[in-house]
Amino acid sequence: GSLPAGTGPNESFQGAGLDGLAVRFQPVGRLPYVPGGGTPVALVSLPALLTRASTLAPVVGRLQVYLDDPALEAPMRAALAGRGISVLAVARQADRQASYDASASASGLRLAAVIGALAVLLAALVLVLVAATGWRGRARDYAALRMAGVGVRSLRRASIVEQGTVVAVAAVVGAACGLVASALALPMVPLFTRPSPTFVDDFTPAPLAVLGSALAALGGLVSVALVVGLHLVRRARLGRLREQL
């Protein structure tokens with residue numbers, strides 16, 4: 001637990017030891033992070049407590065040991081056994097990661113890539129449908145510009161800029177909406193069926209993933225807009241001016 005209220009860096013205080021008897025503690029410093037989540041946690045020396053306790057009865061409490069090197073598991077088991085502490089369970093990072101990867105939450109998150117690709121495909125279809133619906137009027141406008149002396153190269157550039165500007169603005173607005181929506185929605189999504197009592201979920205957006213997705217969507221939609229713009233210019237023949245609305 002946390003230190004008693006008002007305990008300074010050089011002030012001692014009393015707390016329960018491993019055998020339940022009061023032990024005097026002396027704060028020696030602060031750590032930026034210890035396992036246990038966002039609540040205040042006091043980290044104490046296990047060897048110092050064991051020198052004051054004859055045995056560690058199972059009813060008194062349980063210990064959790066975190067290792068950053070799997071090779072230390074066997075020596076740690078031997079050290080704990082020498083102190084009369086039995087190991088009840090072992091949770092390895094690889095096993096925990098495998099269980100997370102096989103969970104329904106992980107499968108749902110992997111579907112996000114498929115949904116994103118379908119969203120880009122739907123946006124591309126909208127561009128094509130809009131162009132297919134009003135291409136005759138746009139082709140007559142371009143034909144009138146050609147008759148007024150505007151070159152074909154200038155018409156191509158204007159058509160590409162017109163289509164590309166809409167796509168670029170939509171991509172920027174879509175990326176911003178996605179970031180805002182993720183900040184609002186992700187905290188409500190149950191990523192784990194049983195929340196971890198140790199680690200806090202990190203919902204900070206990944207800059208590389210966000211930038212890569214936005215650039216991929218922008219590249220695909222700009223390509224579609226480029227094809228649509230060039231197709232409209234090719235349809236801008238002078239004979240279009242004789243067509244009736």
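Conditions (1) closer than 25 Å to Ala42 by Cα; (2) surrounded by 10 or more Cβ atoms within 10 Å (Cβ to Cβ); (3) acidic (Asp, Glu), marked per residue:
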| site | (1), (2), (3) |
| --- | --- |
| Val65 | yes, yes, no |
| Pro70 | no, yes, no |
| Pro75 | no, yes, no |
| Ile85 | yes, yes, no |
| Ala89 | yes, no, no |
| Arg96 | no, yes, no |
| Ala106 | no, yes, no |
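Being modelled with pLDDT of 85 or more, of a type in the set (A, V, I, L, M, F, W, C) and either closer than 30 Å to Ser105 by Cβ or under 18 Å from the mean Cα position of the chain (by Cα) (or both) is a description that does not apply to Leu191. Hey, any hits in region 168-187 for a residue that's of a type outside the set (A, V, I, L, M, F, W, C) and touching a residue at least 60 places away in the same chain (Cβ under 8 Å)? The answer is no, given that none of the residues of region 168-187 is of a type outside the set (A, V, I, L, M, F, W, C) and touching a residue at least 60 places away in the same chain (Cβ under 8 Å).
Within region 52-72, can one find any residue that is at pLDDT below 85, among the charged types (D, E, K, R) and under 26 Å from the mean Cα position of the chain (by Cα)? Among the residues of region 52-72, at least one is at pLDDT below 85, among the charged types (D, E, K, R) and under 26 Å from the mean Cα position of the chain (by Cα), which makes the answer yes.
Would you confirm whether or not region 108-125 contains a residue that is part of a helix (DSSP H, G or I), over 33 Å from the mean Cα position of the chain (by Cα) and closer than 14 Å to Val228 by Cα?
So far as region 108-125 goes, no, none of its residues is part of a helix (DSSP H, G or I), over 33 Å from the mean Cα position of the chain (by Cα) and closer than 14 Å to Val228 by Cα.
The values are calculated or read from the model by the stated rules, or taken from the named source; none is laboratory data. Worth saying up front: this structure is predicted, and the values here are computed from it rather than measured. Note that we place each Cβ from the backbone using ideal geometry, even for glycine, and neighbour counts take in every protein chain shown.
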